[in-house]
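Scroll down for the structure; my scribbles are underneath it.
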Amino acid sequence: MARNKIALIGAGQIGGTLAHLAGLKELGDIVLFDIAEGTPQGKALDLAQSSPVDGFDAKLAGTQSYAAIKGADVVIVTAGVPRKPGMSRDDLLGINLKVMEQVGTGIKKYAPDAFVICITNPLDAMVWALQKASGLPRHMVVGMAGVLDSSRFRYFLAEEFDVSVEDVTAFVLGGHGDTMVPLARYSTVAGIPLPDLIKMNWTTKKRLDEIIQRTRDGGAEIVGLLKTGSAFYAPAASGIAMAESYLKDKKRVMPCAAYLKNEYGVKDLYVGVPVVIGAKGVERVVEIELNRSEQAMFDKSVEAVRGLVDACKKIAPDLG
Ligand code: A3D
């Protein structure tokens, strides 16, 4: 059986970490693409030289040519610029929109059958633009944000309760940004929902609200510490979990930015919702029931995403 081929567009902090994880997990051969000459080649060679130590077999190559991604099974896009302290994700819109147009054209030409995962920010607008620019089927283009946001929430909760991260599940919906919607009712420790844990005196409503706010600010907290870029280990791990679910047809249920065609009452937008990822791409959008206050938070988040997509349509009318 031939190995799968994974193309990584953008070989920066996240791109390099994606390549490392894909190698360690033997997900397939890896091509790193970047406009910065030497960067993808250098990272590919460095990682290849780690493979005898770690015992994985994968071909790793770096390139400045889209032709090298030909026939990729999975494409993960991190090309663009990340945030610096004081910048919001939305400040990146103009620059990264142009990048999505270029990347979409390359994917359309050389990897039209791939499952495409977008990570570039502002995420919900960039995945929309990437789908439009590539013309790939909507169920084959998806955005990574919810897996990361819910992983942050899970980590903070596991710390709060002093239990294993493995036994904490969490749900975060909506756009990737300050309006994201961490859902306490659907988040559990070994199946016990968070509101019940408050009743059991494991935590207080006040503490839970603080954890939810820290989750919302999770990306900014790391930008503030690093000063020269944004988070990359956890975002890369999240992207790889989505790629793995597709390549191995695991059918995992994960919160991702998926194209909605009336689910949750939303049309023609990418928004973070739970989906099933399997060999057919996004196989199902899971519509959970929201109570009134959750729905209000979700609607606010959708409006923020719609504002960004409208801004994209103004800058690049051809995409709309
Ligand atoms: P960085 O280390 O700067 O890597 C980006 C790479 O993209 C650089 O190597 C650039 O040379 C390259 N690049 C720029 N323009 C192009 C182009 N036109 N074609 C190909 N490559 C290009 O950034 P990073 O890896 O830390 O972050 C990448 C993106 O992910 C940024 O937009 C971040 O904001 C975003 N990000 C998203 C999340 C989410 O949860 C959605 C989390 C963290 C970062």
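No value in this document is a laboratory result; all are computed from the given coordinates. Since the structure is predicted, the reported quantities are computational estimates derived from the model, not experimental observations. Here Cβ is always computed from backbone atoms with ideal geometry, including for glycine, and neighbour counts include all displayed protein chains.
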Item to complete: Determine the dipole magnitude for the stretch 150-277: charges of +1 sit on the beta-carbon of Lys and Arg, -1 on that of Asp and Glu, nothing else is charged, the reference point is the Cα centre, and the result goes in debye to the nearest 20.
Response: 240 debye
Worksheet item: Does the chain classify as rounded, prolate or oblate by the C-alpha gyration tensor (a ≥ b ≥ c root eigenvalues; a/c under 1.5 gives rounded; else a/b over b/c gives prolate, otherwise oblate)?
Response: prolate
Response to the item:
Among the DSSP H helices of the chain, those whose Cα atoms extend at least 15 Å along the helix axis and whose mean Kyte-Doolittle hydropathy is 0.5 or higher are 13-24, 123-134, 233-247
Worksheet item: Taking the Cα-to-Cβ direction at Ala311 and at Ala61 and moving 7 Å from each Cα, how far apart do the two end points lie in nm?
Response: 3.8 nm
Worksheet, complete the sentence: Output for the stretch 129-234: trypsin sites (Lys or Arg not before Pro) sitting in coil per DSSP, at most 14 other Cβ within 10 Å, listed by number, reads Lys227
Worksheet item: Which of the lysines could be linked to Lys280 by a straight reach, that is with a Cα gap under 20 Å, when you skip same-chain ones fewer than 8 residues away?
Response: Lys5, Lys70, Lys108, Lys132, Lys248, Lys250, Lys251, Lys261
Worksheet item: Can you give the three extents of the C-alpha atoms in the stretch 118-221 along their principal axes, from longest to shortest, in whole Å?
Response: 51, 25, 19
Practice prompt. Compute the relative contact order of the chain as a whole-number percentage, counting only Cα pairs closer than 8 Å that sit 6 or more residues apart in sequence.
Written response: 17 percent
Response to the item:
Of all GluC sites (Glu not before Pro) in the stretch 209-317, the ones in DSSP coil with at most 13 other Cβ atoms within 10 Å are Glu287, Glu289
Worksheet item: Hey, if you put +1 on the Cβ of every Lys and Arg and -1 on every Asp and Glu Cβ in the chain, which of Pro52, Gly106, Ile69 ends up farthest toward the positive end of that dipole?
Response: Gly106
Item to complete: Indicate the gyration tensor shape class of the stretch 1-87 (rounded, prolate or oblate), computed on the Cα atoms with a ≥ b ≥ c the square roots of the eigenvalues: a/c under 1.5 is rounded; otherwise a/b larger than b/c is prolate and the rest oblate.
Response: prolate
Practice prompt. Determine the relative contact order of the stretch 1-149: mean sequence separation of Cα pairs under 8 Å and six or more apart, normalised by residue count, in whole percent.
Written response: 21 percent
Discussion item. If the only charges are +1 at each Lys and Arg Cβ and -1 at each Asp and Glu Cβ, what is the size of the charge dipole of the stretch 8-104 around the Cα centre, to the nearest 20 debye?
Written reply: 220 debye
Worksheet item: If you average the sequence gap of Cα pairs under 8 Å that are 6 or more apart and divide by the length of the stretch 1-69, what percent do you get for the contact order?
Response: 34 percent
